[in-house]
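J.: Right, I'll just put the structure down here and ask away after.
The values are calculated or read from the model by the stated rules, or taken from the named source; none is laboratory data. In this text the structure is predicted, and so the values were computed from the model without any measurement. Ideal geometry is used to build each Cβ from the backbone, glycine not excepted, and the neighbour counts take in all protein chains shown. Side chains included, ligands, DNA and RNA excluded: accessible areas come from the protein's heavy atoms. Shrake-Rupley method; radii C 1.70, N 1.55, O 1.52, S 1.80 Å.
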Number of protein chains: 2
Amino acid sequence: MSAVRLLVLGAIVRRGIAHGYRVFQDITSWKAETWTNVKRGSIYHALEKLESGEMIVAEDSGDLTKLGPSRTEYKVTEKGRAEFISLLESALKSNDFQLLSAGIAFMEILPRQRVLELLEERLASLKDVEHFLHTLPTEQIPSEPSKHPELIGVWIGYFEYMIEATQKLMQSIESGNYLFLGEKKEEGEI
Amino acid sequence: MSAVRLLVLGAIVRRGIAHGYRVFQDITSWKAETWTNVKRGSIYHALEKLESGEMIVAEDSGDLTKLGPSRTEYKVTEKGRAEFISLLESALKSNDFQLLSAGIAFMEILPRQRVLELLEERLASLKDVEHFLHTLPTEQIPSEPSKHPELIGVWIGYFEYMIEATQKLMQSIESGNYLFLGEKKEEGEI
DNA sequence: TATTCACTATTCAAATTTGACTAGTTGAGT
DNA sequence: ACTCAACTAGTCAAATTTGAATAGTGAATA
């Protein structure tokens, strides 16, 4: 599963209400050319699919006074919000980096403890893959691509980095950074 | 561009001749569940596209004696080989990790010096992105996803790792590992 | 020997992604 | 006033990806 639905739902959730081009603008402004590469077309398609699945509804009212080309504004339904939470949770568990990125972007929508649980799951899965990669045989003059030391090496390094990054993220969350669901600014003790 | 065409062409190049399922088997055996995630359907589609573009040709002869369901065997044409080289070169330049992986898998098909040039280009591009990421503002309580310190941080770390991995790879190639195009086993000096 | 399971091999429809196109609005310069 | 470029907003066809369906063969087993 790609990150498009998660990003689109998240963009509308943040705004409360939004039309396609606004969602596109928001997402591309977040992306920084790197962690997202969502095209306009995919966004409009996702909006159609989400609408037909009753995750979002088109709002006719809104600023009819506004200028510019006509547009359709959408709001997220209850069902859509549930879907958003579900996508967000699997993004944080997934070991796909694009999904993790989107997950981090929206993680404060979940309770702190829940995020830590999900990242713990992710960590376990990353470690499994890393371990598996270490079991693969390599050959100095590789007889087939899967045995290329550089290929295996670069992937082991990647998973090592992902493990480290996940642990650092968890520590940062554990140490009280950011405001998660149900938390208030300026807390003293508790 | 995805890695499918590169992988399919590469798989046929390695075999000299191959049918779709063989290509699928080879690719999935290389992948180790991690660096490729190519589905059967995509391979057959790629074969059709490559055939219609005259990158490969179907061979009717071959082992007619072989058992099992009927199949179509393909060979790579001159044009296809040129395309393969071109895809391989852009894969090694690209800062997409999937493409780099496929590029590494086949890199010995190019001359050593050429691979180093391509990786040098990749390195420059990675450094540009890393520098760009450092210019992005962050906020401790992020007002929008793009300003999330964890998000930016995790991506900076990722590019740092990619830069490091590319440099290590280049050093390994420079130090004489592997046999590239035009090189022979068991060389003494020169 | 009939059944079931696993493997080989391909095809196809449906979902998704991409990139190009249309079209209205605003603002800057001439 | 006129033109041109840039931005806003959306649509659409074509390309690609996905996952399920089909179908043949061999091997095991009850």
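J.: How far is helix A:4-15 tilted off the main Cα axis of chain A, in degrees rounded to 10, range 0 to 90?
T.: Tilt of helix A:4-15: around 40 degrees.
J.: Still on this model: So how compact is region A:111-190: Cα radius of gyration and Dmax in angstrom?
T.: Radius of gyration, then largest Cα-Cα span, for region A:111-190: 18.6, 63 Å.
J.: Once you put a point 7 Å from the Cα of B:K49 and another 7 Å from the Cα of B:R14, both along the Cβ direction, what distance in nm separates them?
T.: Spacing of the two 7 Å Cα→Cβ label points: 2.1 nm.
J.: Still on this structure, I have one more. What gaps in nm, shortest first, separate B:G41 from its twins in the other copies when you place the label 7 Å past Cα toward the beta carbon?
T.: So the label point of B:G41 gives 1.8 nm to the other copies.
J.: List the residues whose amide H sits under 5 Å from the amide H of A:A18, counting only those 5 or more places along or on another chain, with H placed 1.01 Å from N in the peptide plane.
T.: A:Y74
J.: Seen from all sides and averaged, what is the projected area of the convex hull of the Cα atoms in chain B, in nm²?
T.: 14.5 nm²
J.: Can you list the GluC sites (Glu not before Pro) in region B:131-190 that are in a DSSP coil and have 16 or fewer other beta carbons within 10 angstrom?
T.: Filter output for region B:131-190: B:E139, B:E183, B:E186, B:E187, B:E189.
J.: OK, next. Would you check the accessible area of A:R15, probe 1.4 Å, heavy atoms only, in square angstrom rounded to 10?
T.: Roll a 1.4 Å probe over it and A:R15 shows about 120 Å².
J.: Bin by bin, in steps of 10 Å, what percent of the Cα pairs in region B:71-157 do you find, going until the bin that has the longest distance?
T.: Each 10 Å bin holds this share of Cα pairs: 15, 32, 23, 17, 10, 3.
J.: Report Rg (one decimal) and Dmax (nearest whole number) for region A:4-97, counting Cα atoms only, units Å.
T.: In Å, with Rg to one decimal and Dmax whole: 13.4, 45.
J.: Which value in deg cm²/dmol, rounded to the nearest 500, describes the helix-derived mean residue ellipticity at 222 nm for chain B, given -39,500 (n - 2.57) per DSSP H run of n ≥ 4 and division by the residue count?
T.: After summing the helix terms and dividing by residue count, I get -20000 deg cm²/dmol.
J.: Could I ask something else about it? Amide H neighbours of A:T77 under 5 Å, at least 5 residues apart or on other chains, H built in the peptide plane: list them.
T.: The list, which skips near neighbours in sequence, is A:I56, A:V57.
J.: Once each part is reduced to its C-alpha centroid, what is the distance from region A:116-132 to region A:1-59 in angstrom?
T.: Region A:116-132 and region A:1-59 have Cα centres separated by 28 Å.
J.: Which value in nm describes the separation of the simple spin-label points at B:E121 and B:K79, placed 7 Å from the Cα toward the beta carbon?
T.: In this crude label model, B:E121 to B:K79 measures out at 2.3 nm.
J.: Next question. Go through region B:41-52 residue by residue and turn each phi into a ³J(HN,Hα) via Karplus (6.51, -1.76, 1.60, θ = phi - 60°); whole Hz please, and just put x for glycine and proline.
T.: So the Karplus estimates, Gly and Pro as x, are x, 5, 5, 5, 4, 4, 4, 4, 4, 5, 5, 5 Hz.
J.: So what are the three principal axis dimensions of the protein assembly as shown from its Cα atoms, in whole Å, longest to shortest?
T.: 72, 44, 39
J.: Quick one: what are the phi-derived ³J(HN,Hα) couplings along region B:123-131, Karplus 6.51/-1.76/1.60 with θ = phi - 60°, whole Hz, x for glycine and proline?
T.: Karplus-based 3J(HN,Hα) across region B:123-131 equals 4, 4, 5, 4, 5, 4, 5, 4, 4 Hz.
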